[in-house]
1. Looking at (1) over 21 Å from Thr282 (Cα atoms); (2) outside any helix (DSSP H, G or I); (3) more than 20 Å from the chain's Cα centre (by Cα), which is the one condition that is false for Leu153?
2. Is it fair to say Val265 is assigned to a helix (DSSP H, G or I) and either within 13 Å of ligand 2 (Cβ to nearest atom) or crowded, with 17+ Cβ neighbours inside 10 Å (or both)?
3. Kindly establish whether Ala479 is out of contact with any helix residue (DSSP H, G or I) (no Cβ under 8 Å at 6 or more places or on another chain) and of a type outside the set (Asp, Glu).
4. Report, ordered by the first and then the second residue, all pairs with beta carbons closer than 9 Å, sequence separation of six or more or different chains, a first member in the stretch 302-330 that is in a helix (DSSP H, G or I), and a second member that is among the small types (Gly, Ala, Ser) and within 16 Å of ligand 2 (Cβ to nearest atom).
5. Restricting attention to strands (runs of 3 or more DSSP E) lying wholly within the stretch 1-116, give those where 1 or more residues are surrounded by 20 or more Cβ atoms within 10 Å (Cβ to Cβ).
6. Could you please let me know if Ile422 is in contact with a His (Cβ under 9 Å, 6 or more places away or on another chain) and closer than 20 Å to Leu243 by Cα?
7. Please state which one of Gln359, Gln388 is outside any helix (DSSP H, G or I), of a type in the set (S, T, N, Q) and over 24 Å from Ala27 (Cα atoms).
8. Which count do you get for residues in the stretch 195-211 that are surrounded by 19 or more Cβ atoms within 10 Å (Cβ to Cβ) and farther than 21 Å from Leu135 by Cα?
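Values quoted throughout were computed directly from the atomic coordinates according to the rules given, and no laboratory measurement underlies them. Worth saying up front: this structure is predicted, and the values here are computed from it rather than measured. Ideal geometry is used to build each Cβ from the backbone, glycine not excepted, and the neighbour counts take in all protein chains shown.
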Amino acid sequence: MHMNHYLAVDIGASSGRVIWGTLREGALRLQEIHRFGNGFHEKDGKFCWDIEYLFGQILTGLQMAKTLGVDECTLGIDTWAVDYVLLNRKGERIGEVFAYRDPRTNGAPERLHRHLSFQEVYEKTGIQQLSFNTLYQLFVHDREELEAAKHILLVPDYLHYRLCGVLASEATNASTTQMLNWQTQDYDSDLLALLGLQRSQFPDLVRPGVRLGAVLGELVREHGLPRCEVISAATHDTASAVLGVPAQGTSWGYLSSGTWSLIGVEREHPLTSRLAMERNYTNEWGAFGTYRFLKNMMGMWLIQQVRKEADDAYSFAELAEMAAAAEPFRSLIPCNDSRFMNPPKMTEAIRGFCRESGQPVPATAGELARCIFDSMALSYDVYVRELQEVTGERLKQLHVVGGGANNGFLCQLSADVLGMAIYAGPTEATVLGNLAVQMIADGAIRDIQEARDLIRRSFPVRAYAPRPMDSGLLAELRAKYRSLG
Ligand code: ADP
Ligand code: LRH
């Protein structure tokens with residue numbers, strides 16, 4: 001008899017949710033139990049996550065599940081990648097949890113690669129260079145704190161530890177540290193030595209689907225929680241999102257669209273060719289022996305910041321509508337430029353770039369949104385073509401999942417610019433991937449393909465066929481986007 005009460009905790013950089021999944025009449029049903037905001041804040045000049053708040057939100061969600069009638073369930077957690085928590089000998093947290101956008105890692109890759117070249121690190125790990133990867137964060141982390149750290153846990157591993165007292169390093173997320181060796185399938189000893197760290201500071205790797213343990217009795221009693229068994233999901237949110245892509249057959253790519261845009265393909269083996277390295281493609285580990293060959297692109301972070309700076313005066317749906325009504329391709333920004341990584345004011349950073357590059361300066365919220373979405377569509381175009389060149393595989397369609405799948409304007413624009421069919425949805429693919437691992441662990445479904453078939457049957461997917469674009473205009477836009485740097 002299967003449990004049939006599966007709870008997913010999915011925490012992205014901009015929001016988190018606790019969702020209850022059940023299998024009924026051959027379909028998967030979701031009930032949102034709790035949703036909460038997330039974001040980093042500045043504390044004593046450092047950008048940090050509020051980890052205690054996030055843990056509290058998980059407890060609140062579990063309490064609410066109990067109120068709604070869930071007495072017994074399994075639970076999986078996924079969050080954004082790379083960030084970590086240090087624990088002392090007593091198992092207590094040391095210091096704050098740095099957010100990956102903290103500028104402390106500016107220049108860190110260059111300094112680290114004086115000791116070991118990027119090529120050597122890439123041959124070992126197959127992971128793209130992002131200045132905020134855990135490898136670089138640990139390289140610049142305070143030495144004394146690192147020496148005092150008995151355990152180094154990524155964020156979901158820490159949340160598991162708080163919930164059920166178990167120390168484990170979940171593999172999909174651990175791969176984003178840029179410290180796992182894909183050939184030995186463990187933390188790489190040269191990289192640990194370079195950082196002055198011991199293998200024992202990282203728990204043993206566990207794969208998605210492993211049963212970690214029951215939620216601690218004291219938490220259950222004190223907070224009135226259901227009896228929950230924690231299953232290790234694919235704890236990297238992008239790993240869960242890609243599991244949740246409702247694709248069939250071959251020749252499909254995905255765009256996981258949230259705070260980041262992750263464009264790539266699923267593979268059975270890493271691709272660490274010279275070209276893949278030069279173009280900075282990553283091979284993040286997926287569930288059930290898969291790899292995600294992808295690249296990070298600046299995503300909805302741009303519009304999130306612009307919206308926040310306008311005091312949340314407009315919803316995301318309104319901003320998309322306002323963009324649709326604004327003049328097209330008036331000004332473009334190089335979305336992936338580091339100036340947009342964490343500027344003091346995004347709106348000013350965008351306007352400043354337009355001014356410096358002699359383009360009209362977007363004034364209204366609609367003009368800013370249009371500039372962002374036009375630029376994102378052109379960035380997708382560059383990278384989908386590059387992805388096909390690096391893999392030598394032609395894509396027939398792109399599946400957009402995550403919150404960005406709700407942005408019909410950007411989906412249609414991207415289909416037009418790419419000249420490729422786009423299938424948008426489900427929005428909650430990450431939650432679905434998280435639940436899929438629990439259902440596979442429970443024996444309720446067999447494998448990834450069955451999970452994807454179930455998701456396709458259970459949730460609507462919206463198709464955007466490409467509309468013909470004037471080829472002269474498209475060539476001009478591509479050239480202009482390339483010239484921005
Ligand atoms: P993350 O997991 O990184 O926090 P999500 O996958 O939750 O991100 O996606 C959040 C983003 O989805 C928002 O920043 C917004 O840009 C987009 N979004 C959500 N709902 C809508 C909507 N109704 N219309 C347009 N965009 C939307
Ligand atoms: C998306 C994501 C992405 C990482 C970034 C830190 O939420 O996990 O895959 O590169 O956040």
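1. Evaluating Leu153 over (1) over 21 Å from Thr282 (Cα atoms); (2) outside any helix (DSSP H, G or I); (3) more than 20 Å from the chain's Cα centre (by Cα) leaves (3) as the failure.
2. no
3. The answer is yes for Ala479.
4. Gln304/Ala13; Gln304/Ser14; Gln304/Gly39; Lys308/Gly39; Phe316/Gly403
5. 6-11, 15-24, 27-37, 46-49, 72-79, 84-87
6. Spelling it out, Ile422 is indeed in contact with a His (Cβ under 9 Å, 6 or more places away or on another chain) and closer than 20 Å to Leu243 by Cα.
7. Numbers: Gln388 fails: outside any helix (DSSP H, G or I).
Just one listed residue meets the conditions, Gln359.
8. 2
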